[in-house]
Amino acid sequence: MPVTPFRFGPGLALKGAAAPVFSWTAFAVATVLIDCESLYYLIRQEYPVHRFLHSLVGASLVGLIAAAACHAFLRVLSVRAPQLLAPDGSASAAVRGERAGLGALLGGLAGGLSHPILDGIMHPDVRPFMPWSDRNPFLGLVSETVLHLTCVVAALIGVAGLAFWRAATRGALPERGS
Ligand SMILES: [Zn+2]
């Protein structure tokens with residue numbers, strides 16, 4: 001799945017479930033970075049196109065790098081341009097999750113670890129347990145249609161979850177003020 005929007009659905013579901021402690025940005029950055037590998041080998045027409053970064057070990061490392069990069073970037077942004085992250089002076093639950101170190105770590109790792117599994121379902125050249133094994137137990141676990149549909153449903157659940165967090169935060173504000 002070289003960088004398809006379906007990819008971001010599961011991340012959105014996790015963001016919707018745990019907005020204050022999960023960074024969707026780190027999830028998305030990890031996913032895109034990992035697919036740079038397959039894109040690189042596709043352009044060069046060298047096969048297999050899924051290699052070390054599409055293993056659980058390689059993808060976890062990319063996830064950690066994505067987490068560190070996103071965390072550093074958002075720290076700088078919250079110092080240099082705080083109004084961008086908290087326009088009315090207080091950050092929403094969703095923004096807090098993007099800014100937090102734990103959020104970046106969880107987002108980056110989830111983006112990394114889910115990648116070889118989701119790609120492994122569709123692509124026979126993915127070796128999730130490399131360098132120890134060439135087996136791909138995820139291959140064909142569900143059909144491509146079911147996989148894409150699940151990603152879309154996950155995205156919708158995530159959007160609903162984010163709406164819930166937004167409403168909950170707004171509902172809590174007047175109470176705090178009174
Ligand atoms: Zn991929």
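The values are calculated or read from the model by the stated rules, or taken from the named source; none is laboratory data. Being a predicted model, the structure only gives us computed values, none of them experimental. In this analysis, Cβ positions are derived from the backbone assuming ideal geometry, glycine residues included, and neighbour counts consider all displayed protein chains. To get the accessible areas, we keep the full protein, side chains included, count just its heavy atoms, and leave off ligands, DNA and RNA. Shrake-Rupley method; radii C 1.70, N 1.55, O 1.52, S 1.80 Å.
Just need the relative contact order of the chain here, percent rounded to a whole number, with Cα pairs under 8 Å and 6+ apart. In percent, rounded to a whole number, it is 35. Take each uninterrupted DSSP H stretch in the chain, measure its Cα extent along the helix axis, and return the ones at 20 Å or beyond whose mean Kyte-Doolittle hydropathy is at least 1.0. Taking the DSSP H segments of the chain (at least 20 Å long, mean hydropathy at least 1.0), we get 24-43, 56-80, 101-122.
Largest to smallest in accessible area, the residues L149, L33, L74 fall in the order L149, L33, L74 (1.4 Å probe, all protein chains included).
Out of every Cα-Cα pair that the chain contains, those further apart than 23 angstrom amount to 45 percent. In a reduced charge model with +1 at each Lys and Arg Cβ and -1 at each Asp and Glu Cβ, the range 49-178 shows a dipole moment near 420 debye about its Cα centre.
Between beta-carbons, use under 14 Å as the cut-off and find the net charge around T31, counting Lys and Arg +1, Asp and Glu -1. Charge balance near T31 sits at -1.
So which GluC sites (Glu not before Pro) in the range 17-107 pass both tests, a DSSP loop state and at most 13 other Cβ atoms within 10 Å of the Cβ?
Counting only loop positions with at most 13 other Cβ atoms within 10 Å, the GluC sites (Glu not before Pro) in the range 17-107 are E46.
Counting Cα-Cα pairs of the range 1-43 in 10 Å increments starting at 0 gives whole-percent bin shares of 30, 46, 20, 5.
Subtracting the Cα-Cα distance of T150 and Y47 from 0.36 nm times their residue separation leaves 34.2 nm of extension gain.
Take the solvent-accessible surface of the protein heavy atoms, probe 1.4 Å, and return the percent of it on the range 1-126 that carbon and sulfur atoms account for.
Carbon and sulfur together cover 73 percent of it.
Computed over the range 46-129, the alpha-carbon pair-distance distribution with 10 angstrom bins reads 19, 36, 23, 16, 6, 0, each value a whole percent.
Exposed loop positions in the chain were taken to be trypsin sites (Lys or Arg not before Pro) whose DSSP state is not H, G, I, E or B and which have at most 15 other beta-carbon atoms within 10 angstrom. Between these positions, the longest stretch is 45-134. In the range 74-119, the ratio of gyration radius to Kirkwood radius, Rg to Rh, stands at 1.14 when only Cα atoms are counted. Working value for the range 28-84: equivalent-ellipsoid semi-axes of 30, 12, 6 Å, each the square root of 5 times a Cα gyration tensor eigenvalue, largest first.
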